[in-house]
Each structure stands twice: as C-alpha cells, then as structure tokens.
Amino acid sequence: MASADPSAPALPSAATASPLTRARVERLAARAVAGFSWVFGIQVIPAIITQSRHVDPVYTTLVAGVLFASLAWLGVASIAGRTVRTSALIFCLAYVVALAFWECGITDPDYFTGTRPWLWNLLTVATACAAVAMSFVWAAIYTLLVPVLYGFVLAFTAGPDAMRIAVLDSLYAVIFATLLLAIMTMLRQAASRVDGSQTAALERYEVAVRAHALAAERVEVDAIVHDSVLTTLLSAAHARTPEAMAIASSMAEDALGHLDTSAPLARPGRALDAIPISRLRDRIISAARSFTVPFSIVPRIRTDALIPVSVAEALYSATVQAMVNSAQHAGGVLVRRTLQVEPTDVGGVLVVVTDDGTGFDIGLIPPERLGLEVSIRERVALAGGEASIDSTPGKGTTVRLRWWPSEEDAG
C-alpha cells in the first residue's frame with residue numbers, strides 16, 4: 001500500500017472534526033424542543049380531562065387533537081430531520097387559534113373564575129416551537145404577542161381577581177421565551193461562523209493541494225527532462241557511427257513519448273477538454289446552496305457554450321471564494337445576495353456575485369489577506385480571464401469574473 005506524501009499539505013482539523021455546525025445546532029435544538037414539548041404535553045393531560053366537563057367537547061376534542069397531533073409530528077420530524085419547521089409552525093398557529101376561541105368554548109364560566117385554562121401549560125411549548133420554526137424577527141414578535149394574548153384571555157375568563165395572575169403569567173412566559181430565543185440565536189450565529197471558517201479553511205486547503213500537485217508535477221517533468229532528454233542529447237552529440245546514431249534516435253523518440261505522457265491532459269481549446277457553461281452553473285449553484293446564508297440565483301438564459309475544463313475549474317474556485325467572503329464579512333441572513341452565471345455573446349462566460357452588506361475599502365485590505373488577490377484575481381487571470389471587485393463601505397460588494405476565448409482557443 002502506497003504511503004501518503006509526507007510533503008503534502010495537512011488537512012485542516014476543522015475539516016475532519018466539526019464540533020459545531022449550523023445543521024447540528026438546528027438538529028439538536030429540534031430534538032430538545034420536541035422532548036421538552038412532550039414532557040409538558042403529558043403533564044397537561046390530567047388538566048384537560050378535569051376541565052373537559054366545563055368546556056365544549058367539540059372544542060376540547062378538536063383543539064387537543066390538533067395540538068397533540070402536531071407535537072407527535074414534531075417528535076418524529078426531529079428524529080428524521082425533515083419537516084421540523086413545518087410541524088412546529090403548525091403548533092404555533094394552532095395554539096394562537098385555540099387561545100383566541102377559548103372563551104367561546106367555555107360552557108361553565110363560573111368554574112374558571114380564578115382557574116387557569118389548561119392552555120397555560122402549553123404556552124412555553126408554543127414559544128419554544130416559534131424559536132425553532134420562525135426567523136428571529138417573527139419569533140420575537142410571537143414571543144411578545146402570544147403571552148399578552150394569553151393574559152387577556154385569562155383576565156376575561158377568570159374574572160378581575162385573576163388580573164394579577166394574568167400579568168405575572170404573561171411576564172414569566174415572555175422572560176422564558178426571550179431567554180430561549182436569545183440562546184438559540186447565539187448558537188445559530190456561532191455555528192454559522194464556524195461553517196464559514198470551515199469552508200474558508202477547506203478552500204485554502206484546496207489551493208495548497210493544487211499548488212503542491214503542480215510543484216510535484218514540475219519536479220517529475222524536470223526529472224524526466226534531466227534523466228531522459230539530457231541523456232539523449234549527450235548520446236546524440238557523441239554519436240559517430242550509424243549504429244550510435246540509430247540508438248540516439250530511438251532514445252529521442254522514447255524521451256518525446258515520456259514528455260507527451262507527462263503533460264497535462266486538460267489543455268484549453270481542445271474540444272474533448274471542454275464542458276458546457278450550464279454544467280459549471282449547476283455546480284456553482286450547488287455550492288451556493290450549501291451556505292448558511294441564502295443566495296438568489298438570477299434566472300438562467302437558454303443559450304449555452306463550451307469552455308475549457310481548466311477555465312471552468314478556475315471560475316468555480318474563484319466564485320466559491322467570493323461567496324465565502326460574502327458569507328463571512330457581508331453580514332447575516334438579512335443581507336441580500338445574488339449569483340449570476342451566463343454565457344456571453346463572444347463565446348465566453350460571465351459570473352457575478354453581489355451583496356448589499358457591509359462592504360469594505362479595497363485599499364485597506366492588508367497584503368496577508370490572500371482571498372481576493374490569489375484566490376480570485378490571480379486564479380482567473382491564470383485561466384486567461386479577468387476579475388473585478390467593486391466594494392463600498394455600507395453599500396455592498398460586487399465580484400465580476402469574465403472569461404472569453406482567445407484566437408488560439410477559437411481556432
């Protein structure tokens with residue numbers, strides 16, 4: 001078994017072991033909320049049975065059935081890792097409807113004087129589900145409004161003497177839900193930063209591996225030139241007889257064969273080494289969807305063209321680096337990001353990555369930050385294209401990558 005090249009760059013530790021990722025945080029949060037919801041849900045069953053004699057049976061059956069069915073769905077979804085947000089959102093909406101119609105479902109108002117409705121035990125469950133199912137803004141609105149709605153319902157149904165209890169219950173629910181939402185938000189932001197750093201580390205590792213492979217290939221070619229071609233030239237220089245000349249000629253053919261097989265297979269301009277721009281576009285879109293921040297894809301046009309594989313690889317790597325920079329430095333999910341990949345009229349390709357985030361002053365970028373210069377500009381330039389980066393502090397950043405075929409490629 002061949003051993004690994006000891007001179008090859010080491011794989012970053014973040015790529016082999018990721019203690020915190022956005023997907024893992026979402027999965028653990030969903031399971032925690034599902035377990036927490038079922039604990040509270042089981043505790044509320046005795047209250048439902050006790051109060052059912054004083055509430056319309058249709059209301060009790062319908063509301064309890066929908067709430068517990070959505071909790072069952074949430075439990076299964078948290079284990080399967082699918083439709084978690086949908087099931088949690090259904091519970092949140094069903095709980096609001098149940099609160100709004102609670103007074104209509106009561107058949108014995110005197111019984112509930114000074115008595116909390118059984119919906120109280122599920123209020124914290126609803127706010128916890130909102131933290132999982134909704135964005136931060138909507139979850140914050142839900143966290144404030146639903147406890148207030150519960151307080152009004154309790155004050156109207158339990159009588160004036162319950163006003164103090166209603167206020168305290170509402171404040172307790174708001175404080176609990178606010179703390180939970182703050183913890184969830186901090187974990188999500190930390191996980192997003194880890195995802196961005198991990199992606200950037202993998203990109204730097206890819207650049208290092210490619211540079212190492214190129215250096216190793218050059219060493220191999222140099223060795224072939226030194227051991228084969230130079231020996232052939234020396235033999236030819238000392239050949240004086242027809243037999244020696246024939247041997248030198250045979251050695252020259254063999255050396256040329258070695259040089260041909262050691263040359264890179266992908267040469268720009270050869271039809272067999274070209275791929276359609278649509279394939280490059282699909283690959284870039286697939287990479288964009290793996291980020292924790294959304295990128296809006298500009299609708300594709302119907303025309304297509306072929307570009308060299310080496311050009312496609314350079315454009316793909318540079319585009320991913322541009323998206324990494326946007327995800328790390330432009331801002332969170334509220335920043336609008338767009339991605340455009342399309343062929344040009346001259347048989348080339350144009351890639352544009354934009355955002356309306358924080359932006360930056362290009363002149364203030366320190367020289368040790370290689371993400372823009374090496375990973376984007378030089379990479380595209382080596383493939384025969386050009387890259388332009390426009391950014392203004394507070395107004396966002398636009399990265400344009402262009403490639404067009406030269407006369408040699410067109411020929």
message: Every residue in the range 381-405 that is surrounded by fewer than 16 Cβ atoms within 10 Å (Cβ to Cβ), in a strand (DSSP E or B) and either not β-branched (Val, Ile, Thr) or not assigned by TED's automatic domain parsing to the domain that holds GLY331 (or both), please.
response: GLU386, SER388, ASP390
message: Yes or no: the range 87-95 includes at least one residue that is surrounded by fewer than 19 Cβ atoms within 10 Å (Cβ to Cβ), in a helix (DSSP H, G or I), of a type outside the set (Gly, Ala, Ser) and at pLDDT below 90.
response: no
Among the candidates VAL346, VAL352, VAL311, VAL298, residue that is farther than 30 Å from THR21 by Cβ and surrounded by fewer than 19 Cβ atoms within 10 Å (Cβ to Cβ): VAL346
message: I'm trying to understand the selection: among the residues of the range 94-115, which are more than 14 Å from ALA155 (Cβ to Cβ) and over 50 Å from the mean Cα position of the chain (by Cα)?
response: THR107, ASP108, ASP110, TYR111
- prompt: Across the range 33-64, what is the number of residues that are surrounded by 15 or more Cβ atoms within 10 Å (Cβ to Cβ) and more than 22 Å from ALA100 (Cα to Cα)?
  reply: 4
message: Give me the residue from the range 32-49 that is β-branched (Val, Ile, Thr) and in contact (Cβ under 8 Å) with a residue 40 or more places away in the chain and, out of that set, nearest to LEU181 (Cα to Cα).
response: VAL33
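Every residue, every condition in (1) touching a Ser or Thr at 6+ places or on another chain (Cβ under 9 Å); (2) at pLDDT 90 or above; (3) among the small types (Gly, Ala, Ser); (4) not assigned by TED's automatic domain parsing to the domain that holds ARG188, yes or no:
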| site | (1), (2), (3), (4) |
| --- | --- |
| GLU313 | no, no, no, yes |
| MET323 | yes, no, no, yes |
| ARG336 | yes, yes, no, yes |
| VAL346 | no, no, no, yes |
| LEU350 | yes, yes, no, yes |
| GLU378 | no, no, no, yes |
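The values are calculated or read from the model by the stated rules, or taken from the named source; none is laboratory data. Just so we're clear, the structure is a prediction, and the values are computed from it rather than from any experiment. Note that we place each Cβ from the backbone using ideal geometry, even for glycine, and neighbour counts take in every protein chain shown.
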